[in-house]
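Remarks on the structure that follows.
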Amino acid sequence: MTVAVDVPEQESWFHRNQQRIAPWLFLTPGLLFFSVYVIIPLFESINLSFYEWDGLGAAEYVGFRNYEDLYWEWVDRDAFYISLKNNLIWLVMYLLAIPAGLFIALFLNQTVWGIRLYKSLFFFPFVISQVVVGLVFTWFYDPTFGLLNEFLDLFGLGPLNVLGDERFVTYGIIFAGLWPQTAYCMILYLTGLNAVDPEQIEAGRLDGAKSWRMLWHIILPQLRPATFIAFVVTIIGALRSFDLISIMTQGGPFGSSRVLAYYMFEVALSEYGFRMGYGAAIAVILFLIMLCFIAYFLWSMYREEKGH
């Protein structure tokens, strides 16, 4: 008499490694799109910056000549110098959106009558197009019928042509950009405030922490992830600013409101002569500036996490 013995079925390699493979299967479409639309164009831009090309004919290898031309524009305080200087002004002033967004979020994170209406009003700038923002502030700054000059007339001042004056134009555009950027930072902080541990707040109250001490020692440490995202997004937004400048001034007056992104567009695709390689060199410089700032914040976050 023979006895049947059940032999366990051999598992396939896929079943044995299913938990390790599954995340990569989900990530693959995103990584593919990121590679095609970000990584590959990035290296193509770096490669193009070593060529002189008008977009139609054969590209001529010129080595570092495009970067040398940028250097001499910097030395002579020409267009590249003005664009880079304006980008640094954008960077410094745009960071005001982060504390402004935080304090608005703290104000809106309350249970009082009508708070949903207030949230909608503060959220509104984030959902409208940058083109609309640019047009609204162009009318706001208009020296003949703009609300700014109507307000200045009450004090016997003005008229002030913000977008037509080289001294004020960059700051006027930045102020327009701060409107939606502050709303975005507010949303990030509102989301972060929902994750704040109420037990820590209660413990802080029992220890006598109030107002600024509560904010600095208990709430802000728990908002580090939101603060990090706000810094990165704000820095990227400041350095790649293009829409508002294109709508409000087109780089004027006399090129005084140019930034690197708009100058890159001018030299590569505008009436300046289709210098694709030169425009790519500007793009590489802009990318390196962004990379330095973002790498610094990533390193800071990593050190803080490692310290804890």
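The numbers here are math on the coordinates, done by the rules we state, and not lab data. Since this is a predicted model, take the numbers as computed values, not measurements. Glycine also receives a Cβ, built like all others from the backbone with ideal geometry; neighbour counts cover every protein chain displayed.
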*Which whole-number value in Å³ per residue fits the convex hull of the alpha carbons of the range 145-280?*
162
*From the P(r) of the range 182-221, can you give the percent of Cα pairs sitting at distances over 16 Å?*
38
_Please list, ordered by chain and number, the residues whose modelled amide H lies under 5 Å from the amide H of residue 51; skip anything fewer than 5 residues away on the same chain._
62
*Do the sum for the chain: with -39,500 (n - 2.57) for every DSSP H run of n ≥ 4, divided by all residues, what is the mean residue ellipticity at 222 nm, to the nearest 500 deg cm²/dmol?*
-21000 deg cm²/dmol
*When the distances between all Cα atoms of the chain are binned every 20 Å from zero, what whole-number percent does each bin get?*
23, 47, 23, 5, 2, 0
*So how far, in whole Å, is the C-alpha centre of the range 171-217 from the one of the range 255-308?*
29
_Could you sort the peptides 220-232, 126-138, 167-179 by per-residue average Cβ neighbour count (10 Å cutoff), highest mean leading?_
167-179, 220-232, 126-138
*asked:* Let me check I've understood the local charge: for residue 66, count other residues with C-beta under 14 angstrom from its C-beta, Lys and Arg +1, Asp and Glu -1. What total comes out?
replied: -4
*Lys and Arg at +1, Asp and Glu at -1: add these up for the other residues within a Cβ distance under 11 Å of residue 255 and post the number.*
-2
